[in-house]
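Here, each number is a calculation from the coordinates, and none is a lab measurement. Everything numeric here is computed off the predicted structure, so don't read it as measured data. Every residue, glycine as well, gets a Cβ built from its backbone with ideal geometry; the counts of neighbours run over all protein chains shown.
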Amino acid sequence: MLKSLYWRVNFFLKNRKSNRFLNRLGKDVKALIVDTKNGVFAVDPADLEVGAKLREKGEYGISEINQISQLIDNQSSVLIVGAHIGSLAIPIANICAKLVAIEANPSNFKLLETNVKLNNTSNITLHNIAASNKKETIKFQLNTVNSGGSKRVPINNHYMYTYDNPEVIDVEAYSLDNYLSNNKFDLVLIDIEGSEHFAMQGMTDILSQTKTLIVEFLPHHITNVAGVKLADFLDNIPGHLKKLTIPSKNKTYPIDIGIVTLQQMFESGQGDDGIIFHN
């Protein structure tokens, strides 16, 4: 009860802070341009997560970018599913040969397009679609206070996903094996706020050929957004990847031991922004 009340108050304060900042700027301000370690970015002033970190700290996800840089080289092909505004995709594109970026949120996608132009990044191909296990039209909610948290409407929707009263729209979704047929990627990164399960179901061919898979691991997303069990989620991991690195624990495990660790994390509600399956 107290924990639920804490989060409700926390989300309420975030929403109020975002609205107050927007009111100070004026209703016609749609983006702010910031020069950061990640590059030059147009950010949504309402966004208190990635956007605020880029505005206030001048960087976002640098440790993750550095980690990924150790897994690829200038000959690598990379797929990012859930590219948001490009704060990871654009720096990663600077160290690989080709990058394909998928972003479902149309508002984020416009900023992504702008940021690719601002940084003169020529080796990125952008697609404004959602990733799923089939071609379908899905209900998708557009969060503003955390625009990176926009997602397929959860099977078990919760206040933590709706506190900023997100608009719900229709978005076209595709199986990436079909949409990106004949493409091979050395590294695949999937961070789509709980839809990772559906995306991986629709990209078994792509995953069977990748050298590295990085996927967001949040128990509440697996349970509430996808509405599946951990075992269902893990069934999507390709069998040829025999090691698992969990950055939040700073450890690399043989896959069998890693899976046990994930089960323990799942049961205790511990997440990780990107667990890494590799060899």
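Quick look at the numbers
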{"read-out": "Any hit, the range 99-109, residues being among the small types (Gly, Ala, Ser) and either over 17 Å from the mean Cα position of the chain (by Cα) or farther than 13 Å from Ile192 by Cβ (or both)", "value": "yes"}
{"read-out": "Some residue of the range 251-272 being of a type in the set (Lys, Arg) and either assigned to a helix (DSSP H, G or I) or touching a residue at least 24 places away in the same chain (Cβ under 8 Å) (or both)", "value": "no"}
{"read-out": "Within the range 159-215, helices (runs of 4 or more DSSP H) holding 1 or more residues that are closer than 23 Å to Asn146 by Cβ, in contact with a helix residue (DSSP H, G or I) (Cβ under 7 Å, 6 or more places away or on another chain) and not small (Gly, Ala, Ser)", "value": "159-162, 196-201"}
{"read-out": "Selection within the range 51-62 - over 13 Å from Ala89 (Cα atoms) and either in contact (Cβ under 8 Å) with a residue 24 or more places away in the chain or assigned to a strand (DSSP E or B) (or both)", "value": "Gly51, Leu54, Gly58"}
{"read-out": "Any pair with Cβ under 6 angstrom, 6 or more apart, that starts in the range 94-106 at a residue that is in contact (Cβ under 8 Å) with a residue 12 or more places away in the chain and within 14 Å of Ile68 (Cβ to Cβ) and ends at one that is surrounded by 15 or more Cβ atoms within 10 Å (Cβ to Cβ) and of a type in the set (D, E, K, R)", "value": "none"}
